[in-house]
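J.: What follows is a structure written as structure tokens; I'll ask about it next.
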Amino acid sequence: MDRTRGYRVFQGINAVILTGVVIVTLYPFVNIVARSFSEERYIVGGQVNLVPRGFNIETYKLVVSDPMFWTNYRNTVVYTVVATAIAMVLTTCYAYVLSKKHLKGRTFLIWVAVFTMIFSGGLIPNYVLVNSLGLTDTIWSVVLPNAISVFNLLVMKTFFEGLPRDLEEAAAIDGLNTYGVLWRIVLPLSKAVIATMVLFYAVSFWNSWFTAFLYLNDGDLFPVTIYLRNLIAGATGAEAAGAGIAEASAAAANIQAVTIMLTVLPILAVYPFVQRYFVSGVMLGAVKG
């Protein structure tokens with residue numbers, strides 16, 4: 001009886017803590033939604049919290065009527081799709097190779113990957129390398145430098161190691177080569193971890209802005225995150241000028257909120273379709289060390 005009561009107390013404490021975490025997590029997002037639909041004067045007065053004040057969609061109309069916003073938005077979609085496809089091909093092939101314990105030099109290849117998690121070339125050498133390869137002001141400067149995440153690589157490697165070897169051996173006996181085994185046997189059994197890795201990579205590339213900020217100079221090539229960054233930088237400059245600080249801050253906050261909402265909508269729309277694979281994919285790839 002005491003054990004049951006203690007378990008109920010534990011459940012109650014867990015519920016309170018997790019509810020607090022959910023509230024802390026959702027509050028900033030709900031506040032951004034409220035700001036995006038509020039009038040500037042209410043933002044100036046600090047009256048916007050969780051509910052929009054003075055319902056306003058004029059800023060949405062203003063942002064979506066800006067051709068540069070849609071150009072940068074299209075760029076973000078292209079960069080995310082291309083970068084995710086490249087990253088998945090490279091990560092999957094590398095992880096599948098590392099999952100073969102009989103492979104000569106396997107330990108060395110693993111440490112080559114892990115080494116990059118601890119040490120990196122640094123900002124200036126990376127820029128010099130990308131520039132010397134002639135990749136600046138091209139899509140490749142955005143999609144290639146971060147093509148493989150070592151964390152995702154190790155998760156996929158561990159997942160592949162957990163697959164029954166008998167299936168691959170039977171497929172090899174039936175005449176499939178290594179590529180055939182990977183394409184027709186391994187990948188169909190790896191939908192959960194593949195969907196999870198696609199989500200990880202897509203969110204990372206969609207939200208990335210510093211790589212584009214560093215390697216791109218042409219505004220027509222910027223992703224939408226740079227568009228948002230320039231809005232914030234422009235608002236900061238207006239405030240520093242000292243004229244109409246409150247009005248500039250309010251207008252900037254409203255435009256930023258609208259742009260943030262329009263930017264996160266695709267990820268919010270895609271996530272429910274892959275969410276069912278999310279937990280199983282991470283856990284299946286993390287049960288072994």
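J.: Pick out, from the range 202-289, the helices (runs of 4 or more DSSP H) lying fully within it that include 1 or more residues that are more than 27 Å from Trp140 (Cβ to Cβ) and at pLDDT 80 or above.
T.: 245-284
J.: Here's another thing I want to ask about it. Within the range 162-201, take every residue that is part of a helix (DSSP H, G or I) and of a type in the set (Asp, Glu) and give me the one that is nearest to Val82 (Cα to Cα). Spell out how you get there, then give the answer.
T.: Step one: filter the range 162-201 for residues part of a helix (DSSP H, G or I), giving 165-173, 178-201.
Filter once more, keeping what is of a type in the set (Asp, Glu): 166, 168-169.
Values: Asp166: 35, Glu168: 30, Glu169: 33 Å.
Looking at the filtered set, the residue picked out is Glu168.
J.: Let me ask something else about it. What pairs can you find where one residue is in the range 73-90 and not assigned by TED's automatic domain parsing to the domain that holds Arg229, the other is crowded, with 22+ Cβ neighbours inside 10 Å and of a type outside the set (Val, Ile, Thr), and their Cβ atoms are less than 7 Å apart, with a gap of 6+ or different chains?
T.: none
J.: Exactly one condition in (1) under 30 Å from Gly219 (Cβ atoms); (2) within 23 Å of the chain's Cα centre (by Cα) is not met by Val64; state its number.
T.: (2)
J.: Considering only the range 143-153, I want to know if a residue exists there that is touching a residue at least 24 places away in the same chain (Cβ under 8 Å), surrounded by 11 or more Cβ atoms within 10 Å (Cβ to Cβ), under 24 Å from the mean Cα position of the chain (by Cα) and more than 21 Å from Ser204 (Cβ to Cβ).
T.: The answer is no; no qualifying residue exists.
J.: Something else: So, Tyr27, is that one touching a Ser or Thr at 6+ places or on another chain (Cβ under 9 Å) and either crowded, with 16+ Cβ neighbours inside 10 Å or closer than 19 Å to Thr259 by Cα (or both) or not?
T.: no
J.: Would you mind stating whether Lys101 is over 30 Å from Phe213 (Cα atoms) and either among the basic types (Lys, Arg) or in contact with a Gly (Cβ under 9 Å, 6 or more places away or on another chain) (or both)?
T.: Judged against the criteria, Lys101 is a match.
J.: While we're here: Taking the options Arg53, Arg8, name whichever one is outside any helix (DSSP H, G or I) and either assigned by TED's automatic domain parsing to the domain that holds Met261 or among the basic types (Lys, Arg) (or both).
T.: Details: Arg8 fails: outside any helix (DSSP H, G or I).
Checking each option against the conditions leaves just Arg53.
J.: Quick one: which of Ile23, Ile57, Ile43, Ile32 is free of Cβ contacts under 8 Å to residues at least 12 places away in the same chain and under 30 Å from the mean Cα position of the chain (by Cα)?
T.: Sole residue among the options that is free of Cβ contacts under 8 Å to residues at least 12 places away in the same chain and under 30 Å from the mean Cα position of the chain (by Cα): Ile23.
J.: Among the candidates Ala95, Ala83, Ala87, Ala113, single out the residue that is surrounded by 14 or more Cβ atoms within 10 Å (Cβ to Cβ), modelled with pLDDT under 90 and among the hydrophobic types (A, V, I, L, M, F, W, C).
T.: Checking each option against the conditions leaves just Ala113.
J.: Take the conditions under 30 Å from Met261 (Cβ atoms) and surrounded by 14 or more Cβ atoms within 10 Å (Cβ to Cβ) and apply them to Phe159. Does it pass?
T.: For Phe159, the condition - under 30 Å from Met261 (Cβ atoms) and surrounded by 14 or more Cβ atoms within 10 Å (Cβ to Cβ) - is not met.
J.: Scanning for something touching an Asp or Glu at 6+ places or on another chain (Cβ under 9 Å) and assigned by TED's automatic domain parsing to the domain that holds Ile267, does the range 133-156 turn up at least one residue?
T.: Within the range 133-156, one or more residues are touching an Asp or Glu at 6+ places or on another chain (Cβ under 9 Å) and assigned by TED's automatic domain parsing to the domain that holds Ile267.
J.: Kindly evaluate Asp174 against the criterion of being of a type outside the set (A, V, I, L, M, F, W, C) and either more than 30 Å from Val97 (Cβ to Cβ) or outside the structural domain of Asn126 (by TED's automatic domain parsing) (or both).
T.: Numbers: of a type outside the set (A, V, I, L, M, F, W, C): yes; either more than 30 Å from Val97 (Cβ to Cβ) or outside the structural domain of Asn126 (by TED's automatic domain parsing) (or both): no.
Against the criterion (of a type outside the set (A, V, I, L, M, F, W, C) and either more than 30 Å from Val97 (Cβ to Cβ) or outside the structural domain of Asn126 (by TED's automatic domain parsing) (or both)), Asp174 does not qualify.
The values are calculated or read from the model by the stated rules, or taken from the named source; none is laboratory data. A quick note: this is a predicted structure, and the numbers were derived from the prediction, not measured. In this analysis, Cβ positions are derived from the backbone assuming ideal geometry, glycine residues included, and neighbour counts consider all displayed protein chains.
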